[in-house]
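Structure first, then comments.
The values are calculated or read from the model by the stated rules, or taken from the named source; none is laboratory data. These numbers come from a predicted model, not from an experiment. Glycine also receives a Cβ, built like all others from the backbone with ideal geometry; neighbour counts cover every protein chain displayed. Calculation scope for accessible area: heavy atoms of the full protein, side chains included, ligands and nucleic acids excluded. Shrake-Rupley method; radii C 1.70, N 1.55, O 1.52, S 1.80 Å.
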Amino acid sequence: QVQVVESGGGLAQAGGSLRLSCAASGSIFSINAMGWYRQAPGKQRELVAVKTRGGSTNYADSVKGRFTISGDNAKNTVYLQMDSLKPEDTAVYYCKLESVVTAVARYPAIWGQGTLVTVSS
């Protein structure tokens, strides 16, 4: 069983910063990639940023230059530093683990429960 715990959401003013954290635990052998997605009210869930085990990163155009993804493979953690926040960044942010191998199973994807980020103007 894999547990995914997200933290760091909350309320920020436009132009401010927040840092999201995601930690995966369990009998994990490997995780191919960890990333952040978000879903605003009435909209589809979208990619924000993803980091592969090899260190490659990919960002949505809307957050490039403002958000930074980082993490520690050994600790199965991923972080999202969000700077210069805008009201349109308001959404529930979800951590996603991709291609997870554990002692008893393989999972194409595992999602966290989500953390709400609200940016006021």
| message | Looking for something at pLDDT 95 or above and touching a helix residue (DSSP H, G or I) at 6+ places or on another chain (Cβ under 7 Å) - is there at least one such residue anywhere in region 2-20? | response | yes
| If Ser30 satisfies every condition in (1) farther than 21 Å from Val119 by Cα; (2) open to solvent by less than 20 Å² (accessible area, probe 1.4 Å); (3) not aromatic (Phe, Trp, Tyr) but one, which is the exception? | (2)
| query | Do you know which residues across region 38-72 are open to solvent by less than 40 Å² (accessible area, probe 1.4 Å), assigned to a strand (DSSP E or B) and either at pLDDT below 95 or not hydrophobic (A, V, I, L, M, F, W, C) (or both)? | reply | Arg38, Lys51, Gly71
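Can we say Pro87 is touching a Ser or Thr at 6+ places or on another chain (Cβ under 9 Å), open to solvent by 50 Å² or more (accessible area, probe 1.4 Å) and under 20 Å from Trp111 (Cα atoms)? Before you say what the answer is, go through the steps one by one.
Values: touching a Ser or Thr at 6+ places or on another chain (Cβ under 9 Å): yes; open to solvent by 50 Å² or more (accessible area, probe 1.4 Å): yes; under 20 Å from Trp111 (Cα atoms): no.
Taking the combined requirement at face value, the residue does not satisfy it.
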| field | Given (1) among the aliphatic types (A, V, I, L, M); (2) assigned to a strand (DSSP E or B); (3) at pLDDT below 95, number of the condition Val104 does not satisfy | value | (2)
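Which of the residues spanning region 91-121 are of a type in the set (Gly, Ala, Ser), touching a residue at least 24 places away in the same chain (Cβ under 8 Å) and within 23 Å of Gly8 (Cα to Cα)?
Ala91, Gly112, Gly114, Ser120, Ser121
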| field | Hits in region 107-121 (condition: surrounded by fewer than 10 Cβ atoms within 10 Å (Cβ to Cβ) and not in a strand (DSSP E or B)) | value | Ser121
